[in-house]
Each structure stands twice: as C-alpha cells, then as structure tokens.
Amino acid sequence: MVQGKKPKLAVWKFASCDGCQLSLLDCEDELLAVADSIDIASFPEATRAFKKGPYDLSLVEGSITTPEDAERIHQIRRQSKFLITIGACATSGGIQALRNFKDVKEFISIVYAHPGYIQTLKHSTAIADHIRVDFELRGCPVDKMQLLEVINAFLNGRKPNTPAHSVCIECKLRGNVCVMVAHGTPCMGPVTHAGCNAICPSYNRGCYACFGPKETPNIPSMGNVLEDKGMERENIVRAFRSFNANTKAFQKGARDYEKD
C-alpha cells in the first residue's frame, strides 16, 4: 500500500436482504471516522460514486445463487487484495440455503408465473465455497461494532479481535439468568457463535443461532437438550435449519432428527 494513500474499500452484494450493509450505515458517527481513513470506492447502498479497482479491501454480503454470481465473485476476488465476507448469507449460504434440502425447481414453479425465465443454481452457497476468503464475520445481520473492528484491524495491519466462544459466555458477562435452566426455554446459545451480545436471552427468549455454530460445537448434546426440553423432532430440525442451515455442524444436527 502506498504510504499516505488511503486504502480503497469496496462493498459488494450478492443474494441477501442488505441487512449487513445497513449495519455499516448504522454506524453513523463511527462511519464518518472510517471514511476519513479509507477511500470508499464502491458502495451502492450508500452512494452512486464508483471508482475502478483494484481494491485494498472488499466486504462481500450475500450468497452465491446464480451462474452469474459464481462468475462475478471470481472477478471481485481478482481485484481485491483482502476480501472479507459479512453475514450469514455470505459465510454459510443464509436463510435461502433452505432450498438446498428440497427441490428448487418446485419452489420456482410455485413462486414465479413464468419459471422458464428464472436461472438459478440448485444450491445457495457461501462465498468461501467458491473463492479464497481472508476473514469471515458472522451474524444475521453482523454486529456493527464487530464490523468496525474488522475494518480497523485491516487499517492497522492486525488480526481482528472477535470472540470465538458461545452465546452462553455473553449471557454470563451480562448477568443473564439462563433461560433453559430457569424457564425450560429451548435455546441454541450453547452451540452458537458469540457476537450479538446475547440479545434474545436478555429478553427471556431462546437464542435462534443467528451467528451460526461456534468453534467445535457439541451438536449431539444440543439436540438431546432440546429434546429434553420438550421440543418435537421436526422443530429441532427447524432449529438447526434457520439462518445458518448450510453449515456442516447444523446440517448434522438437522439430519440427526429428520424422519427416516
């Protein structure tokens, strides 16, 4: 990187709801400070201004769902020095990956009046299934402070300081009473990656695993606990097949409770 020259940032969208890009825009005052340190070369959600690559840092939201997506992500990788995926769609395939477990042609025929015009891949997949990714930031959507931390780490040439523990640790740090122990509420917190600051358990709701599986999750034990709490097998499958259904850990959890 040229000394004194601002690094160029590009933000890219694939199949997604734009929620992770909105998390960056929601930073408000913090975003202004970031804007002083980087050159926002491409960010359609925020501005129509566009500068050609190469880019020092690319943030990618969304999953790969079409043949055009699969081609475009390689083009973006070639013109990006560092590439970071943001959110459940980009890191695991997102909620749209639920189609991976059914016949996508059946969905298309139901939803669209003229299915013949629709070109889509059979599966919705993570960006890392197609190209090399330098860092993955979990969440649906991502936590805005974690997103700023990742950008700050890039600007300062260090590893991002993001937690690898479970949501249960975040509950302990907030002083929350465990909803499973106290109320018998099914909760995915023990196997879910931290990052949300335990939002749902803080309001006496079970965790929905928005941030995907933590490192080395005990999936069979989680399934047993949910079953002990009275959750029916089909609902346990749904618990694993949500925002991060296509992760290997949650795929296993769902398969273990699917009907034969």
Filter segment 163-182 down to residues that are touching a helix residue (DSSP H, G or I) at 6+ places or on another chain (Cβ under 8 Å) and assigned to a loop (DSSP other than H, G, I, E, B) and give me whichever is surrounded by the most Cβ atoms within 10 Å (Cβ to Cβ). N176
Can you report the number of residues in segment 111-135 which are part of a helix (DSSP H, G or I) and either at pLDDT 95 or above or closer than 14 Å to D69 by Cβ (or both)? 3
For segment 135-162, give me each residue that is surrounded by fewer than 17 Cβ atoms within 10 Å (Cβ to Cβ), among the charged types (D, E, K, R) and closer than 19 Å to H193 by Cα. E149, K159
Take the residues of segment 91-119 that are more than 13 Å from N244 (Cα to Cα) and aliphatic (A, V, I, L, M): which is farthest from the chain's Cα centre (by Cα)? A113
I need the full set of residues from segment 134-180 which are within 18 Å of D56 (Cα to Cα) and β-branched (V, I, T), in order please. V150, I151
Which number in (1) farther than 19 Å from T185 by Cβ; (2) surrounded by 15 or more Cβ atoms within 10 Å (Cβ to Cβ) marks the one condition that P220 misses? (2)
Is there a residue in segment 36-53 that is more than 18 Å from R132 (Cβ to Cβ), surrounded by 12 or more Cβ atoms within 10 Å (Cβ to Cβ), among the hydroxyl-bearing types (S, T, Y) and free of Cβ contacts under 8 Å to residues at least 40 places away in the same chain? yes
So is E68 within 23 Å of the chain's Cα centre (by Cα) and over 29 Å from N246 (Cα atoms) or not? no
Filter segment 59-79 down to residues that are in contact with a Gly (Cβ under 7 Å, 6 or more places away or on another chain) and surrounded by 24 or more Cβ atoms within 10 Å (Cβ to Cβ) and give me whichever is farthest from A10 (Cα to Cα). S63
Could you check segment 170-193 and list, in sequence order, the residues that are modelled with pLDDT of 95 or more, small (G, A, S) and closer than 18 Å to A239 by Cα? G189
So K122 fits all but one of (1) in contact with a helix residue (DSSP H, G or I) (Cβ under 7 Å, 6 or more places away or on another chain); (2) surrounded by fewer than 13 Cβ atoms within 10 Å (Cβ to Cβ); (3) on the phi > 0 side of the Ramachandran plot; what number is the exception? (3)
When you scan segment 75-104, how many residues do you find that are within 10 Å of I127 (Cα to Cα) and small (G, A, S)? 3
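The values are calculated or read from the model by the stated rules, or taken from the named source; none is laboratory data. Not measured: the values here are computed from a predicted model. Using ideal geometry, Cβ is built from the backbone for each residue, glycine included, and neighbour counts are taken over all protein chains shown.
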